[in-house]
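Undergrad: Below is one structure. I have some questions about it.
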Amino acid sequence: MLLNFMMFFFCKYTGFDWVINAYRGEAIIFAKKRMKTRVRFAPSPTGPLHIGGLRTALFNYLFARKEEGIFILRVEDTDQSRYVTGSENYIQETLEWCGMIPDEGPKSGGNYGPYRQSERKAIYKEYIEKLIERGGAYYAFDSNEELAESRATIEKDKQTFKYSAKNRMSFKNSLSLTEEETKLALKGDYVIRLKVESGNMVSVHDEIRGTVRVNTDELDDKILMKSDGMPTYHFANVVDDYLMKISCVIRGEEWLPSLPLHKLIYTAFGWETPKFMHLPLILKPSGKGKLSKRDGDKDGFPVFPLSWGEDTPGFREMGFMPEAMINYLALLGWNDGTKNELFTLEELESKFSVSGIQKGGARFDYEKARWVNHQKITQANTDDLIQMDTVKKMLSDFPKKNHLSLFNLVKERLFSLNDLRGELSFIQSPYAYDEKVLEKLKDKGPISVLNKIKEEVEKDNEQLKESLMAWAKENSVPIGTLMQCFRLALVGKLTGPDLFEICNLLGKELSLKRIDDLIKYINLKLT
Ligand code: GLU
């Protein structure tokens, strides 16, 4: 500090003014740097959270962590007609499942609450009054019938109806009526509209999409406050972003068309806008358009992170690990500039950057999501996996002491945790013998091979594999035939995990029984 002061005077009186300016520049940069990053995820509780919404939450969260900022959850529940009970809990539970705990929010608390818009009515009232006072908004008293009539007349001429600067004086509002008339009209129903001046160019910068420009003639005087005294999304959203000191708004691309309107609201208040980032859409697996629940229903994949009712399972119920959900969602519209596709949440927190976000839509690919899940399952510690409730349930038919080995036996084969049950089913009873394989083995002396296997298993041979291999070599029995006979006996078909591990897990008695069963079956078939 002292040094800065001395430098200032030294430069001032020695003519080094440029140094002073450079210092000032640096001070500004320094001040900007210190501005805390505050981002928010602002879902409307209108049903389960679509994975597109969760991706928005994730990018907000990652941005906050990367910038050492604050991640806020704000529940936008002003539209009572679309409110669905249980959605807010669903959102909270989803974020917790993914390990993205909001720093501020309805559950976490914070200094900028309440974080539910329905609890902020008094704030919106205060701010709408301020806006009217500033001349940025006005009362409108037109009834629905009157508006419908005007709309019909305009649309008859194939024009679009808009309540705007061009025609607002022909409607009933506080701009067209006298003060007396307005006072009287305020006793009845009214809405409050934004006063959009005509002929201005609004331009707003989006960090991903570049600059969006719109002439105000294309906009209408949007309703900010409804007749029930509730704010519309646009108004509440802007007021809250301002009051919650949001530094960057990160949300889905579907909100990009609203951006000029939001900028006008900020301007009407005389507020500076935050930064904006509109994330690319998540597209259907094939064809045009946004990924919808219908796509999932049609092709049998989830579009929600958690189940919603009994008929709609989420990724969690479909056997996805939260780590995989997060990792896959991060890939929907972002990359780290390399071909790397596997990241932990911590890695994402440090690698996330806005420059890695793509402009174009991101295509949803369920197989890819399953592949990511497969990678996460394989990388996870089996001790932890067998502690998961879903896994415990699937292993409950087996003795606890075998859980670890059983999971390890099939771990590499799982693309979903739910695959576990199917992959282990042969442990309880083998599959029906694959007849095609039997047909092929028929002329290759399967009985003598099986008898040899039986003999070695009976001996408790610790070197079972080596002994069988050596025997096959000596007797010119192809290794393939040996292994196929053994696998068919233990599993019933030719796929499955390591044969010798299976044998170990089944134990001597059960393995011998299965070999005997196959011998009997072949004998029966051959005679
Ligand atoms: N409530 C809006 C939604 O559910 C939020 C849009 C925004 O983030 O501004 O999509």
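The values are calculated or read from the model by the stated rules, or taken from the named source; none is laboratory data. Just so you know, these numbers come straight off a predicted model, no measurement behind them. Positions of Cβ are backbone-derived with ideal geometry, glycine not excepted, and every protein chain shown enters the neighbour counts.
Undergrad: Given (1) over 30 Å from ASN373 (Cβ atoms); (2) of a type in the set (A, V, I, L, M); (3) within 16 Å of the ligand (Cβ to nearest atom), where does ILE223 come up short, assuming only one miss?
TA: Condition not satisfied by ILE223: (3).
Undergrad: Out of the range 393-418, which residues are within 26 Å of the chain's Cα centre (by Cα) and free of Cβ contacts under 8 Å to residues at least 40 places away in the same chain?
TA: LYS411
Yes/no per residue for (1) at pLDDT below 95; (2) surrounded by 14 or more Cβ atoms within 10 Å (Cβ to Cβ); (3) among the aromatic types (Phe, Trp, Tyr):
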{"position": "ILE453", "(1), (2), (3)": "no, yes, no"}
{"position": "ASP460", "(1), (2), (3)": "yes, no, no"}
{"position": "SER467", "(1), (2), (3)": "yes, yes, no"}
{"position": "GLU509", "(1), (2), (3)": "yes, no, no"}
{"position": "LEU526", "(1), (2), (3)": "yes, no, no"}
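Undergrad: Now for a separate question. Looking at VAL491, VAL410, VAL449, VAL391, which one is surrounded by 14 or more Cβ atoms within 10 Å (Cβ to Cβ), of a type in the set (Val, Ile, Thr) and more than 30 Å from LYS368 (Cβ to Cβ)?
TA: The match here is VAL449.
Undergrad: Between residues in the range 240-264 that are aromatic (Phe, Trp, Tyr) and residues that are modelled with pLDDT of 95 or more, which pairs lie under 7 Å by C-beta distance while being six or more apart or on different chains?
TA: TYR242/TRP271; TRP255/HIS278
Undergrad: I've got another one for you. Please state which of the following conditions VAL84 fails to meet, knowing it meets all the rest: (1) of a type in the set (A, V, I, L, M); (2) touching a Gly at 6+ places or on another chain (Cβ under 7 Å); (3) buried (at least 19 other Cβ atoms within 10 Å of the Cβ).
TA: (3)
Undergrad: Determine which member of the set LEU499, LEU512, LEU482 is closer than 19 Å to ALA472 by Cα and more than 45 Å from the chain's Cα centre (by Cα).
TA: LEU482
Undergrad: Among the residues that make up the range 243-265, is at least one of them assigned to a loop (DSSP other than H, G, I, E, B), away from the ligand (no atom under 13 Å from the Cβ), at pLDDT 95 or above and crowded, with 17+ Cβ neighbours inside 10 Å?
TA: yes
Undergrad: Of everything in the range 266-285 that's part of a loop (DSSP other than H, G, I, E, B) and free of Cβ contacts under 8 Å to residues at least 60 places away in the same chain, which residue is farthest from the ligand (Cβ to nearest atom)?
TA: Filtering first and then ranking leaves GLU272.
Undergrad: For the range 226-242, which residues satisfy the criterion of being polar (S, T, N, Q) and within 14 Å of the ligand (Cβ to nearest atom)?
TA: Across the range 226-242, the qualifying residues are THR232, ASN237.
Undergrad: Go through ILE502, ILE515 for me and flag whichever is modelled with pLDDT of 95 or more and assigned to a helix (DSSP H, G or I).
TA: ILE515
Undergrad: Follow-up. Do you know which residues across the range 163-217 are on the phi > 0 side of the Ramachandran plot and out of contact with any helix residue (DSSP H, G or I) (no Cβ under 8 Å at 6 or more places or on another chain)?
TA: GLY210
Undergrad: From the residues in the range 419-437 that are among the small types (Gly, Ala, Ser) and free of Cβ contacts under 8 Å to residues at least 40 places away in the same chain, which one is farthest from GLN375 (Cα to Cα)?
TA: Among those residues, the one meeting the criterion is SER429.
Undergrad: VAL212 - would you say it is among the aliphatic types (A, V, I, L, M), within 30 Å of the chain's Cα centre (by Cα), surrounded by 15 or more Cβ atoms within 10 Å (Cβ to Cβ) and farther than 30 Å from GLY105 by Cα?
TA: When the stated conditions are applied, VAL212 passes them.
Undergrad: Restricting attention to the range 202-231, which residues are within 16 Å of PRO257 (Cβ to Cβ) and either hydrophobic (A, V, I, L, M, F, W, C) or touching a Leu at 6+ places or on another chain (Cβ under 6 Å) (or both)?
TA: VAL202, VAL204, ILE208, VAL212, VAL214, LEU219, LYS222, listed by residue number.
Undergrad: Restricting to helices (runs of 4 or more DSSP H) lying wholly in the range 1-89: which have 2 or more residues that are modelled with pLDDT under 95 and more than 22 Å from PHE315 (Cα to Cα)?
TA: 2-14, 17-34
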